[in-house]
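The values are calculated or read from the model by the stated rules, or taken from the named source; none is laboratory data. Everything numeric here is computed off the predicted structure, so don't read it as measured data. Cβ coordinates were reconstructed from backbone atoms using ideal geometry, including for glycine residues, and neighbour counts include every protein chain displayed.
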Amino acid sequence: MSDATNDESPAGQAAPASPPAAAPDAPGSNPPAEVDLGRRRFFRQFAAEVIHSAAQAAGAAGALQRAASDAAGALLNPESAFGLNEPMPPVNPMIAATPAPAGGTGLPGPSAPQANPALGESRGFRTAFRMDEDRIVFIDQRKLPGALVEYPCADGGEVAIAIKEMVVRGAPALGQAAAYGLALTAGHSRSRPPSERRALLRGAATALRQSRPTAVNIAWAVDRMLARFERLGDLAEDGEVVANVLRGEADAICAEATRDHGLLAGHGLAVLPAAPDRELRLLTHCNTGPLACGQFGTALGVVQAAWSANRRLEIFVDETRPYLQGARLTAWELVQAGVPYTLIADSAAGSLLASGRIDAVLVGADRIAANGDTANKIGTYPLAVLAARHLVPFYVCAPLSSVDLATLEGSTIPIELRSEDEIFQISQIRIAPRFGKAWNPAFDVTPAELITAIVTEEGVLRAPFGSTLAAAVAAKAEHEAAAHLAQFADRGRQPAAGEAGPVPAAEVVG
């Protein structure tokens, strides 16, 4: 991206053709079921394990936090953790047997991207990134679906560039990436003087916050990491302590996100409409699978849960212009998993909804305001208007880390404006003469009244969102605090100063 500015854009001004009606959302007739690994390989064994153990993980949060580092090691390296390198026949004949081509261009900077042909040898679920000693290694999402290429970053500054240039994207994944970026900065500055280390951390935090301003998960993760650093007090003088504590906090953020997204998927499955005699037809926008969410998925995680519960599905995928996240990434993930899908042009969504062929719309969120107004990938707002016009349930699927109670309503959400080149060209191929201007907002805001429900790890939230969102955030903070205290109660002591603990609610939502 050559230019990025903030624009205080209001929510969409146009009203729906008719007043929004309450969309029907009868619970699906198929409850969550035990995953049949022999029959379904959706996103492969790691995703199935998350679904199978989501409820148990919620009840054992203390154990998860005690083992945060070990858990995150498995989460970030699922191929080795779950034995996924064993040869498996592809579940879809569209999946090629040849490895991804080597090479590929990357970002300027000290860490050049590297192709890994071995990535093409095993198929299915892909995490957005993995940790490799003192680096974070992203899947370069700009190269998909043509090539599977890795892109390493050594510190928070390089991670900020990767975020800005769309190497990695998707609000939940960006929050996790930002946390690891700060942890890497702390690791590389462990031998520097305390004042210099603090300056480096603050500088990296600023760069990360500015990299994609609409995605609140970045600021949420950065604030949590810095709050953890400040709670060290005098221990912050010891670079080794700082490095270890911030790495542990980043591991915890990743592990908690994976647990929460699994819970979210289960709640979303419960509200999917029934379709007993045919495929359940769902429409998605942008990309909300593991590539966007770190290790699991939000809206596409609900699809994952439905597929694992043996629901018959047909997924309609908006191509999602101008960056084509739906066509390039969501379709790629579904092909890897063998899930049937139909790709449509964004402008075809209205006719598709009018035809009665869609049972529900599932989207993600980059920021949810206190009143329920939701910023998501550009094109989400008109999709919500169309869904309301045709009485189709419209579900926003997002973790509570995407909720920003400090932003009262959608008109005050900063909307990122991206480079005009993304409109004038596709994959560096010019599609329009470069004599005029282009307007390229990355996101739009869907008013709360167009949203049927917001699906979170704390349950399915409905209007009035002002109260239900605040209650869910408070409940989440209480659960995390109880789990933290239980962790130390199991050890027969109280937490000492500087030890990891839950982030105060004010820091979570500020």
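Details
- Against the list (1) closer than 27 Å to Ile218 by Cα; (2) at pLDDT below 95; (3) surrounded by fewer than 16 Cβ atoms within 10 Å (Cβ to Cβ), the condition Arg434 fails is (1).
- Flag for Arg311 being part of a loop (DSSP other than H, G, I, E, B), within 26 Å of Ile423 (Cβ to Cβ), over 14 Å from the mean Cα position of the chain (by Cα) and among the charged types (D, E, K, R): no
- Cβ-Cβ contacts under 6 Å between residues 6 or more apart (or on different chains), taken from a first residue in the range 345-368 that is under 20 Å from Ile451 (Cβ atoms) to a second residue that is outside any loop (DSSP other than H, G, I, E, B) and of a type in the set (Ser, Thr, Tyr), are listed as Leu362/Thr284; Leu362/Tyr395; Val363/Thr380; Ala365/Thr374; Ala365/Ser402; Ile368/Thr374; Ile368/Ser402.
- A residue that is surrounded by 24 or more Cβ atoms within 10 Å (Cβ to Cβ) and in contact with a His (Cβ under 7 Å, 6 or more places away or on another chain) occurs somewhere in the range 273-293.
- With respect to the stated conditions, Ala365 fails to be buried (at least 20 other Cβ atoms within 10 Å of the Cβ), assigned to a helix (DSSP H, G or I) and small (Gly, Ala, Ser).
- Residues in the range 393-415 that are assigned to a loop (DSSP other than H, G, I, E, B) and surrounded by 24 or more Cβ atoms within 10 Å (Cβ to Cβ): 3 in all.
- Residues that are surrounded by 24 or more Cβ atoms within 10 Å (Cβ to Cβ) and of a type in the set (Lys, Arg) do not occur anywhere in the range 132-149.
- Here Gly356 does not fit the description of being at pLDDT 95 or above, assigned to a loop (DSSP other than H, G, I, E, B) and crowded, with 24+ Cβ neighbours inside 10 Å.
- Residue identified as surrounded by fewer than 24 Cβ atoms within 10 Å (Cβ to Cβ), in the same structural domain as Ala384 (by TED's automatic domain parsing) and farther than 17 Å from Tyr381 by Cβ among Phe296, Phe316: Phe316
- Which numbered condition Arg192 fails, given (1) in a loop (DSSP other than H, G, I, E, B); (2) surrounded by 24 or more Cβ atoms within 10 Å (Cβ to Cβ); (3) not aliphatic (A, V, I, L, M): (2)
- Inclusion of Pro441 among residues that are touching a Leu at 6+ places or on another chain (Cβ under 9 Å) and surrounded by fewer than 18 Cβ atoms within 10 Å (Cβ to Cβ) is warranted.
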